[in-house]
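The values are calculated or read from the model by the stated rules, or taken from the named source; none is laboratory data. Only a predicted model underlies this, so the values are computations on that prediction, with no experimental measurement involved. Cβ: placed from backbone, ideal geometry, glycine included. Neighbour counts: every protein chain shown. Ligands, DNA and RNA are excluded from the accessible area calculation, which covers all protein heavy atoms including side chains. Shrake-Rupley method; radii C 1.70, N 1.55, O 1.52, S 1.80 Å.
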Amino acid sequence: MDKWILIDGNSIVFRAFYAMPPLTNSAGLNTNAVYGFTTMLLRLLEEEKPTHMLVAFDAGKVTFRHEGYEEYKGGRAKTPPELSEQFPVLKDLLRSFGIAQFELPGYEADDIIGTLTRMADEQKVETLIVSGDKDMLQLASDYVTIALTRKGVSEVERYNPQEIKDKYGLTPLQIIDLKGLMGDASDNIPGIPGVGEKTALKMLHEYGTVEEVLAHAGELKGKMKEKVAAHQEDARMSKKLATIFREVPLDNAEGVEAYNGYDKAQLADAFRKLEFRSLMERLDLPELGADSAVA
């Protein structure tokens, strides 16, 4: 039976970078984010045994969301050069692993993963999303589970629709409404000022959606009534910005590429250059060039 794993590349790389201590090879190349990502990747391969894998990346800072809201993700600190230089290194390493990767200008990794999980739902394929972004919870379904990273990338917390219901009292799609009401400072999504998670959840438990909250704004009390009435357009826009687009034009309309394992010699060569000696020992990779073998 097929099992897909979809990794939110940018999210995991950022989390690994800030979770791991500084690490460089003898050539002075920063490698801590790549190392943290790789340890997580190896654990996924060992524990999940996927038949198909893909790592999705953001193709750039400008997406279709900026057309309606130029300030989207504005205010984010510039990516440190110590992290920026690791993206091409990671992408080369993924090729050594034989793992597919994909990015598309104008879209975010979330949108690529959202499109692929729509295909997974249609084909009834068991799928695991790995990300540090709670937005991904909106994609949970009978076939799609979300693994949110905790403590950097060393632990994950899994969510299916029932677990989202147990924790938040919401359906996966209502996660979008939650973001619409409370906003998201990390993405510069405004929401309604003064509405945090607790208040947003209370509203959604009573009214169900952003639209119904706005329709019943007159029933709210005191200053909250005024805030909701004054920021209706912000709430609608925030919900739209938080909605993962699930119709990205992908080259492979069938879904995710098959994962057939890695070539030991090729991966050993990549690890030697990065000086990941402990990982070479863990996988029993040859110290010097050897005949190719699939793991």
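For region 205-217, the criterion of being out of contact with any strand residue (DSSP E or B) (no Cβ under 7 Å at 6 or more places or on another chain), within 23 Å of A109 (Cβ to Cβ), surrounded by 13 or more Cβ atoms within 10 Å (Cβ to Cβ) and among the hydroxyl-bearing types (S, T, Y) is satisfied by no residue at all.
Of all residues in region 187-216, those that are β-branched (V, I, T) have Cβ atoms under 8 Å from Cβ atoms of residues that are open to solvent by 50 Å² or more (accessible area, probe 1.4 Å) and in a loop (DSSP other than H, G, I, E, B), 6 or more apart or on another chain, in I192/H231.
Inspect all residues belonging to region 158-169 and state whether any of them is surrounded by fewer than 20 Cβ atoms within 10 Å (Cβ to Cβ), polar (S, T, N, Q) and in contact (Cβ under 8 Å) with a residue 40 or more places away in the chain. No - not one qualifying residue is present in region 158-169.
Checking each residue in region 105-163 for being of a type in the set (A, V, I, L, M, F, W, C), more than 17 Å from F57 (Cβ to Cβ) and in a strand (DSSP E or B) picks out L128, V144, I146, A147, L148, V156. Total residues in region 252-287 satisfying the condition of being open to solvent by less than 20 Å² (accessible area, probe 1.4 Å) and among the charged types (D, E, K, R): the figure is 0. Of all the listed residues (I164, I175), the sole one being closer than 18 Å to D111 by Cα and either modelled with pLDDT of 95 or more or not polar (S, T, N, Q) (or both) is I175.
Residue-wise test of (1) farther than 13 Å from L181 by Cα; (2) among the basic types (K, R).
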site: L220; (1), (2): yes, no
site: E226; (1), (2): yes, no
site: A242; (1), (2): no, no
site: R246; (1), (2): yes, yes
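Screening L241 on (1) open to solvent by less than 30 Å² (accessible area, probe 1.4 Å); (2) outside any loop (DSSP other than H, G, I, E, B); (3) modelled with pLDDT of 95 or more; (4) not small (G, A, S) shows it passes everything except condition (3).
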